[in-house]
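Asker: Have a look at this one.
The values are calculated or read from the model by the stated rules, or taken from the named source; none is laboratory data. Predicted model only: the values in this text are computed from it and were never measured. Positions of Cβ are backbone-derived with ideal geometry, glycine not excepted, and every protein chain shown enters the neighbour counts.
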Amino acid sequence: MLALAEEAERRGYDLDIFSRGPVHPTLAKRFNELGAGWFALDELEARPIRGALRLARYDVLHLSLIGVRSRIARICVAAWPARVLFVDHLSGGGRRSSGIRGAVAALVDAVMLARVSGFAGVSNYVRDRDVSRYRLSRSKARTIYNGVDLEFYRPALTARPRDSGVRIIAVAWLIPPKGVDVLLRAFARLTEPGCELLVVGDGPEESKLKDQSRRLGIESRTQFLGLRDDVPQLLGSADLFVHPCLWEEAFGLVVAEAMASGLPTVASRIGGLPELIEDGWSGLLVPPGDEMRLAEVLDRLVGDADLRGRLGGNARLAAVDRFGLASCVKQHLDWCATAARQERL
């Protein structure tokens, strides 16, 4: 959001941000310096008619992480003549309901989407899913990959000593669809000695996963680091990144961050992840939930430093070429500008 506000200011656009509170004081101060207002979504929801009239003064309403059938979405759709753009980040497949509920949902979607000027998926997988789910015209749909700050996430300046043991890292919200339990079972199968596993993140499965590591006999080689604000540094301290998700990941932002950090990455072949990783060139893909295949791939990488170096270098090149934050911001603002010009026409 900050990068979007900075580029909008450079272009001379007026940008206001509506989101859930509270806003971090440092961000609020910087938004203010850039002339970007920050307002609470709750204000719109509390008085929807007044909220719609307020939003109608904008040329474009750019909705990110907002559900199509949500209260906020309905208010935005009612804010005629503002153009409405949706960005879909949803993981997990987004399957439609069946029967009467599905028919009602489809009717609501049709009414809502008649007012929507465009959809952007954060991967081709999401874009195509939306075209099918919402029966969108291809001309209304596009892909804009998530952006990574390539200066914030970059390869470590010094490589870890080769005799220090291989450090594997996973960063995830600890819920079942992230597949960390599969990773623990695969890690327990490794035949290469001297490995350690860092699990970064928190969530409702944390205590179960810690218990699992004890049962598997890998507790001494596994660290659960919890929620952290130094993920770039932790990535820089690792040799190998793993993302063993079980659900259809919309994009896999943490995978792009690991790639930008120059880490060889192993991920599940599901959802949008195969678009990020070219199997065998910038990382390796495995079937979701296949702990034996995951263990085989990890063993191969742990035992081959040259392969890790080659995959990690290619991963950085791919991230720079496709997932830069500046490119992402430019595409979103160009999209908004096109929508605004269409409105004037």
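Asker: Do you know which residues across region 142-167 are more than 24 Å from A3 (Cβ to Cβ) and touching a helix residue (DSSP H, G or I) at 6+ places or on another chain (Cβ under 7 Å)?
Answerer: Residues satisfying the conditions are R162, V166.
Asker: Next up: In region 188-231, how many residues are closer than 17 Å to L174 by Cα and either in contact with a Cys (Cβ under 8 Å, 6 or more places away or on another chain) or among the hydroxyl-bearing types (S, T, Y) (or both)?
Answerer: So the count comes out to 3.
To keep it simple, each residue is scored yes or no on (1) within 26 Å of W80 (Cβ to Cβ); (2) among the hydrophobic types (A, V, I, L, M, F, W, C); (3) surrounded by fewer than 16 Cβ atoms within 10 Å (Cβ to Cβ).
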{"position": "A3", "(1), (2), (3)": "no, yes, yes"}
{"position": "G12", "(1), (2), (3)": "yes, no, yes"}
{"position": "P22", "(1), (2), (3)": "no, no, yes"}
{"position": "F31", "(1), (2), (3)": "no, yes, no"}
{"position": "F39", "(1), (2), (3)": "yes, yes, yes"}
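Asker: If only one of V320, V286, V266, V302 is under 19 Å from the mean Cα position of the chain (by Cα) and surrounded by 16 or more Cβ atoms within 10 Å (Cβ to Cβ), which one is it?
Answerer: Selected residue: V266, the only one of V320, V286, V266, V302 that is under 19 Å from the mean Cα position of the chain (by Cα) and surrounded by 16 or more Cβ atoms within 10 Å (Cβ to Cβ).
Asker: Here is a further query. For region 211-223, does any single residue satisfy the condition of being touching an Asp or Glu at 6+ places or on another chain (Cβ under 9 Å) and of a type in the set (D, E, K, R)?
Answerer: yes
Asker: Since L183 meets every condition but one in (1) in a loop (DSSP other than H, G, I, E, B); (2) buried (at least 18 other Cβ atoms within 10 Å of the Cβ), which condition does it not meet?
Answerer: (1)
Asker: Oh, and also: Of all residues in region 92-118, how many are in a loop (DSSP other than H, G, I, E, B) and modelled with pLDDT under 70? Outline the logic, then answer.
Answerer: The initial filter retains those residues of region 92-118 that are in a loop (DSSP other than H, G, I, E, B), namely 92-98, 114-115.
Cutting the leftovers down to modelled with pLDDT under 70 gives us 93-98.
Of the residues in region 92-118, 6 are in a loop (DSSP other than H, G, I, E, B) and modelled with pLDDT under 70.
Asker: Test of understanding: among R129, R154, which residue is surrounded by 15 or more Cβ atoms within 10 Å (Cβ to Cβ), assigned to a helix (DSSP H, G or I) and under 20 Å from the mean Cα position of the chain (by Cα)? So that I can check it myself, show each step before the final result.
Answerer: Values: R154 fails: assigned to a helix (DSSP H, G or I).
Answer to the selection: R129.
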